[in-house]
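Enquirer: Below: one structure in structure tokens.
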Amino acid sequence: MIELCENIEFERIYIEFRDKVTRYVRGKIANEQDAEDVVSDVFVKVFNGLYGYDRKKSSVSTWIYTIAHNTVIDHYKTAKSVCELPGNLCSEDNIDEALLNEEALEDLANALERLTERERDIIILHYYSGKTLKNIAEKMNISYSYVKLLHGNALKALRVIMNKGRFEGE
């Protein structure tokens, strides 16, 4: 019964604040996809915190805007280390012929093995299966921002591993 009441309360809050939170976040984050992710994150936090929310401490609107504000700040903290990569980064036109030789592919396979399972999955889904980072986020049930962060970290790690192997092999 409590869960049903919480769901009804959340639905009412979501309907009332959805547009307001979206405008607030879009005013702070220019990238539309990032803004959508942040708005989703805000309402996940609202839903998860609804049971513990204390009406005596603040109004619902103050509580929600505080969550929105903090979520925007968290977005910029994690996005700072992530660079946006062009979508055509790995199109067939840009593949260097040297990467197609057997030795380079073996080095790449070995380097992929040194990544975490999640990073490796993102690289394979993005570059081999052609999935967008947004699709990967949905498929892995994690936020788009987190997928971008993992993607950037995986590319940096691959670059370091591959460069290290080149210098050791020379």
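Enquirer: Give me the pairs, please: first residue somewhere in region 127-139 and free of Cβ contacts under 8 Å to residues at least 40 places away in the same chain and loosely packed, with under 15 Cβ neighbours inside 10 Å, second residue anywhere and assigned to a loop (DSSP other than H, G, I, E, B) and not charged (D, E, K, R), beta-carbon distance under 6 Å, and either six or more positions apart or on two chains.
Expert: Within 6 Å, the pairs are 127/90.
Enquirer: While we're looking at this one, here's another question. For the structure I just gave you, tell me whether residue 40 is out of contact with any Cys (no Cβ under 8 Å at 6 or more places or on another chain), at pLDDT 85 or above and polar (S, T, N, Q).
Expert: In short, yes.
Enquirer: Sticking with this one: Please give the number of the condition residue 121 fails out of (1) buried (at least 16 other Cβ atoms within 10 Å of the Cβ); (2) within 20 Å of residue 34 (Cα to Cα).
Expert: (2)
Enquirer: Against the definition (under 17 Å from the mean Cα position of the chain (by Cα), polar (S, T, N, Q) and modelled with pLDDT under 85), how does residue 81 come out, yes or no?
Expert: yes
Enquirer: Please go through region 1-32 and give me each residue that is of a type in the set (S, T, N, Q) and modelled with pLDDT under 90, ordered by number.
Expert: Across region 1-32, the qualifying residues are 7, 31.
The values are calculated or read from the model by the stated rules, or taken from the named source; none is laboratory data. Only a predicted model underlies this, so the values are computations on that prediction, with no experimental measurement involved. Cβ coordinates were reconstructed from backbone atoms using ideal geometry, including for glycine residues, and neighbour counts include every protein chain displayed.
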